[in-house]
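The block underneath contains the structure these notes are about, expressed in structure tokens.
Every number in this text was worked out from the coordinates using simple rules, so none of it is lab data. Because the structure is a prediction, the values reported are computed rather than measured. Here the Cβ positions follow ideal geometry from the backbone for every residue, glycine too, while neighbour counts run over all protein chains shown.
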Amino acid sequence: MTQARPRISKAVIPAAGLGTRFLPATKATPKEMLPVVDKPAIQYVVEEAVNAGLSDVLMITGRNKRPLEDHFDRNYELEEALRRKGDESRLSRVQESSNLGTIHYVRQGDPRGLGHAILCAAPHVGNEPFAVLLGDDLIDARDPLLSRMVDIQRLRGGSVIALMEVDPSQVHLYGCAAFKPTDIEDVVEVTGLVEKPDPAEAPSNYAVIGRYVLDPAVFEVLRETPPGRGGEIQLTDALQALAAEPGLGGPVHGLVFKGRRYDTGDRGDYLRAIVRLACEREDLGPDFRAWLRSYVTEEM
Ligand code: UTP
């Protein structure tokens, strides 16, 4: 049996993309700051990292980085105003995001793709495995994913990616994996990856979603990775190189996720996330569900 490796502690959250699918909302605001009910999407993602035991968070930011940094910092003026009003409940809501721990920031400069964003984390991460959580990808906190990926990496080494079955008509929107089964039912060994394939050429309809646990060998591979699809340095291309040659950084495993996930960078998915999470909230849910029911039955 393989000896367990030390638990990983670093999380990298890329949030420097242009968010063009969400223009004009994202003209002056990062898409990761768009609210999902009453919290910005990125706060759910940082909370997920911290809850999985990853206390060292590095955010990759770009233009318009101020709102991200401000959100995770104290706001003394606002806190003082709420304290004076005796509004303890809102005060603690405001403090939640600044109490999540220390967040480090690095700027990407030109948004040259997800692979390039991750390469910006190399000096901070050093030579240890680390997690990557895409800042616009929400995983429902009730459906644990990242902590299991960390456990799999600890046992098997190498890198672990998250896969989700999608309708074959949707494969052109994702990186897609070729794989073979392992002795664990929902864990596969990834043998190849293709970024945004045509449906006829897709190796499967299992798509890569925004959670990764990566071996630091990925940095060396990314440095050698030329711009791929869309002229961007693609993380999928680097993972394909790792999967094709396990000698570089160990095997690449995939954990097949069957839980709830929302791509908040996509307008339709963003709306679905808000409706679902609002319906499930104890404070807002009862009124909102009643309104939604009458809206759907009477006006649609
Ligand atoms: P996307 O491909 O969804 O980001 O990247 P995008 O380019 O911002 O989106 P559209 O297609 O123009 O709407 C997934 C994640 O990677 C980050 C994004 O911020 C997002 O969290 N990213 C992407 C970077 O940090 N840098 C990049 O150069 C590209």
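Dividing the convex hull volume of the alpha-carbon atoms in the stretch 153-300 by its residue count gives 158 Å³ per residue.
Here's the list of lysines a cross-link from residue 180 could span, going by alpha-carbon distance under 19 Å and ignoring same-chain residues fewer than 8 apart: 258. When the Cα gyration tensor is reduced to axis lengths a ≥ b ≥ c, the ratio a/c is 1.5 or higher for the stretch 57-138, and with a/b above b/c it is classed as prolate. Taking 7 Å steps out from each Cα toward its Cβ at residue 99 and residue 39 produces label points 1.3 nm apart.
Helix 76-85 axis versus longest C-alpha principal axis of the chain: approximately 40°, rounded to the nearest ten. In terms of its alpha-carbon gyration tensor, the chain comes out prolate; a/c meets the 1.5 threshold, and the first ratio a/b outweighs b/c.
Here the relative contact order of the chain, from alpha carbon pairs under 8 Å that lie six or more residues apart, stands at 21 percent.
Net charge dipole, the stretch 175-269: roughly 300 debye, given to the nearest 20, about the Cα centre with Cβ charges of +1 for Lys and Arg and -1 for Asp and Glu.
Using Cα pairs closer than 8 Å and at least 6 residues apart in sequence, work out the relative contact order for the stretch 132-234, in percent.
Working: 149 pairs, mean separation 32.8, N = 103.
Dividing the mean separation by the residue count of the stretch 132-234 yields 32 percent.
Sorted largest first, the principal axis extents computed over the alpha-carbon atoms of the stretch 82-208 equal 62, 33, 33 Å.
What ranking do 172, 71, 253, 116 get, fewest neighbouring Cβ atoms within 10 angstrom at the top? Please list the in-between numbers first.
Details: 172 14, 71 19, 253 25, 116 22.
With the sparsest Cβ surroundings first, the list reads 172, 71, 116, 253.
Each of 216, 75, 152 was scored by the projection of its Cα onto the charge dipole of the chain, and the greatest displacement toward the positive side belongs to 75; charges sit on the C-beta of Lys, Arg, Asp and Glu.
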